[in-house]
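Worksheet: the structure to be examined is printed underneath.
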Amino acid sequence: MPLWTVHGDGRTVAPGRVVAPGERLSWPATIAMGVQHVVAMFGATFLVPTITGFPVSTTLLFSGLGTLLFLLITKNRLPSYLGSSFAFIAPVTAATASAGMGSALAGIVAVGVLLAAVGLVVQFAGLGWVDKLMPPVVAGAIVALIGFNLAPVAWGSYQSAPLTATVTLAAVILFAVLFRGFLGRISIFLGVIVGYGFAAITGELDFSAVGDAAWIGAPEFHFPDFASAGTWSAIAMFLPVVLVLVAENVGHVRGVATMTDASVNEHTGRALIADGAATTLAGLAGGSGTTTYGENIGVMAATRVYSTAVYWIAGLVAILLAFSPKIGAVFNSIPAGVLGGVTTALYGLIGIIGIKIWVDNRVDFSRPVNQYTAAVALVIGIAGFTMQWDGFELGGIVLGTVAALVIYHVGNLIARARRTGADDGGPIPPVGQLGGDPQD
């Protein structure tokens, strides 16, 4: 029995139909769409190692390998591309600065192992316990503080070339509001191109390394360091990232299930295990941690092609591109001012995703427990609170995450025992019609 059956005539998708994960179009069309998915993930996947200083080609290699591993673990039933996760930027940046790349890679490995363990539990026990541990007010606070914690890093890059950074930021915003569909979704990538061109005109660009780089060559590998004194305090900074990856993977599975078949939800546990395995693999040899990619989800929604065959092609193309040092050198030549402009938008968007969780779930902020859960966590994350003892340090992301969990659960316990009404009363029920024309 073939892995994929041909959808219809293999060339077109009828109105109201989708190409299911177990189907495919003709091989020429499938290959073209696979390359399109590589283009969709390219900008964001390359941006993470460019910001953190990780080898770009190595990250691309493990992005492709991780995608193929994901397809194998999910039994070829869940279409997804695994690109670099932005949630790793803050802890990787901090860990690399304080303890070196080896410690940062150890943190990525720890996240991957823990995410796979969560996937095993979900596979056998379901998702209910995750929702209880991280209700919307807590989940939103944790995601938001991860983004806002990076604000000083963005400002540091922005200051290096304010004019270039401003041009880049303006281009990102302009493309986002000017274009619809695919071009609108890659506005950050397009903004980087504009900023790069402006930096070249103003003489900020150093292109010498690109000319010296070979067209073909093996990626640069690095390995985790679990022995250094600062590694374990660095690993603690990574643990909240697990919560973000759980939310991203669950959202991806539910989105695909909505568009294809509800039975796809049964693979949620396998998706978490697969992303955990891919992240662990990347961390073991110098790549960035991975996650399911929104850009590629958007491409699937636009094309209505959910075939896993497309993602096999995308993963293989990414692996081939990883063996070109010249491509990596081009991305490494991006000036700090360009990164300052794009990260100003990007880090803020990560924070806004957390706030969107509150809005989508209609979190009741008239309740004191919800107020303090979000307020304290955000201030700790934005200000970059730290705690140190005997060479061990906890940063703002860890402390903010702990604060959100403790305030929410202990605060609810006390408020409900005392019946003060300060606890989380659940989402605010909608009153009347939501949207549309007014009705009598």
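What pairs can you find where one residue is in region 220-246 and closer than 20 Å to PRO55 by Cβ and at pLDDT below 80, the other is of a type outside the set (Gly, Ala, Ser) and open to solvent by less than 40 Å² (accessible area, probe 1.4 Å), and their Cβ atoms are less than 8 Å apart, with a gap of 6+ or different chains?
Listed pairs, sorted by first residue: none to list.
What's the number of the only condition in (1) modelled with pLDDT of 90 or more; (2) outside any helix (DSSP H, G or I); (3) among the charged types (D, E, K, R) that ARG416 fails to meet?
So the condition that ARG416 fails would be (2).
Can we say ILE188 is over 23 Å from VAL379 (Cβ atoms), hydrophobic (A, V, I, L, M, F, W, C) and surrounded by fewer than 20 Cβ atoms within 10 Å (Cβ to Cβ)?
no
Applying the selection to region 75-110, what residues are open to solvent by less than 10 Å² (accessible area, probe 1.4 Å), more than 22 Å from ALA139 (Cα to Cα), part of a helix (DSSP H, G or I) and out of contact with any Ser or Thr (no Cβ under 6 Å at 6 or more places or on another chain)?
The one that is open to solvent by less than 10 Å² (accessible area, probe 1.4 Å), more than 22 Å from ALA139 (Cα to Cα), part of a helix (DSSP H, G or I) and out of contact with any Ser or Thr (no Cβ under 6 Å at 6 or more places or on another chain): LEU105.
Residues checked against (1) surrounded by fewer than 23 Cβ atoms within 10 Å (Cβ to Cβ); (2) within 19 Å of SER324 (Cβ to Cβ); (3) of a type in the set (S, T, N, Q); (4) in contact with a Ser or Thr (Cβ under 8 Å, 6 or more places away or on another chain):
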| residue | (1), (2), (3), (4) |
| --- | --- |
| PRO15 | yes, no, no, no |
| ALA20 | yes, no, no, yes |
| SER26 | yes, no, yes, no |
| LEU72 | yes, no, no, no |
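Within region 169-221, work out how many residues are part of a loop (DSSP other than H, G, I, E, B) and out of contact with any Pro (no Cβ under 7 Å at 6 or more places or on another chain).
12
Is at least one residue of region 310-327 open to solvent by 10 Å² or more (accessible area, probe 1.4 Å), in a loop (DSSP other than H, G, I, E, B) and closer than 17 Å to ILE193 by Cα?
No, region 310-327 contains no residue that is open to solvent by 10 Å² or more (accessible area, probe 1.4 Å), in a loop (DSSP other than H, G, I, E, B) and closer than 17 Å to ILE193 by Cα.
Hey, TRP389 hits all of (1) at pLDDT below 85; (2) surrounded by fewer than 16 Cβ atoms within 10 Å (Cβ to Cβ); (3) under 24 Å from the mean Cα position of the chain (by Cα) but one; which does it fall short on?
Every listed condition holds for TRP389 apart from (3).
So, in region 11-40, how many residues would count as being assigned to a loop (DSSP other than H, G, I, E, B) and in contact with a helix residue (DSSP H, G or I) (Cβ under 7 Å, 6 or more places away or on another chain)?
3
Taking VAL121 as the residue in question, decide whether it is at pLDDT below 90, among the β-branched types (Val, Ile, Thr) and surrounded by fewer than 19 Cβ atoms within 10 Å (Cβ to Cβ).
Answer is no for this residue.
LEU346 fails exactly one of the following numbered conditions: (1) in contact (Cβ under 8 Å) with a residue 24 or more places away in the chain; (2) within 17 Å of VAL137 (Cβ to Cβ). What is the number of that condition?
Single failed check for LEU346: (2).
Quick check on GLU266: is it within 22 Å of ALA125 (Cα to Cα), in a helix (DSSP H, G or I), among the charged types (D, E, K, R) and without any contact (Cβ under 8 Å) to a residue 12 or more places away in the chain?
Spelling it out, GLU266 is indeed within 22 Å of ALA125 (Cα to Cα), in a helix (DSSP H, G or I), among the charged types (D, E, K, R) and without any contact (Cβ under 8 Å) to a residue 12 or more places away in the chain.
Within region 137-151, how many residues are modelled with pLDDT under 85, open to solvent by 30 Å² or more (accessible area, probe 1.4 Å) and not in a loop (DSSP other than H, G, I, E, B)?
Here the count works out to 1.
Does LEU399 satisfy the criteria of being modelled with pLDDT of 90 or more, open to solvent by less than 50 Å² (accessible area, probe 1.4 Å), under 25 Å from ALA151 (Cβ atoms) and within 29 Å of the chain's Cα centre (by Cα)?
No; evaluated as a whole, the condition is false for this residue.
Under the condition of being under 24 Å from the mean Cα position of the chain (by Cα) and small (Gly, Ala, Ser), which residue from region 197-243 is surrounded by the most Cβ atoms within 10 Å (Cβ to Cβ)?
By that ranking, first place goes to ALA234.
Assess whether VAL369 counts as being more than 30 Å from SER157 (Cα to Cα), modelled with pLDDT under 90, in a helix (DSSP H, G or I) and out of contact with any Cys (no Cβ under 6 Å at 6 or more places or on another chain).
Judged against the criteria, VAL369 is not a match.
Going by the conditions given, is PHE54 modelled with pLDDT under 85 and under 19 Å from the mean Cα position of the chain (by Cα)?
Spelling it out, it is not the case that PHE54 is modelled with pLDDT under 85 and under 19 Å from the mean Cα position of the chain (by Cα).
The values are calculated or read from the model by the stated rules, or taken from the named source; none is laboratory data. Everything numeric here is computed off the predicted structure, so don't read it as measured data. Neighbour counts run over all protein chains shown; Cβ positions are idealised from the backbone, glycine included. These area figures cover heavy atoms from the full protein model, side chains too; ligands, DNA and RNA do not enter into them. Shrake-Rupley method; radii C 1.70, N 1.55, O 1.52, S 1.80 Å.
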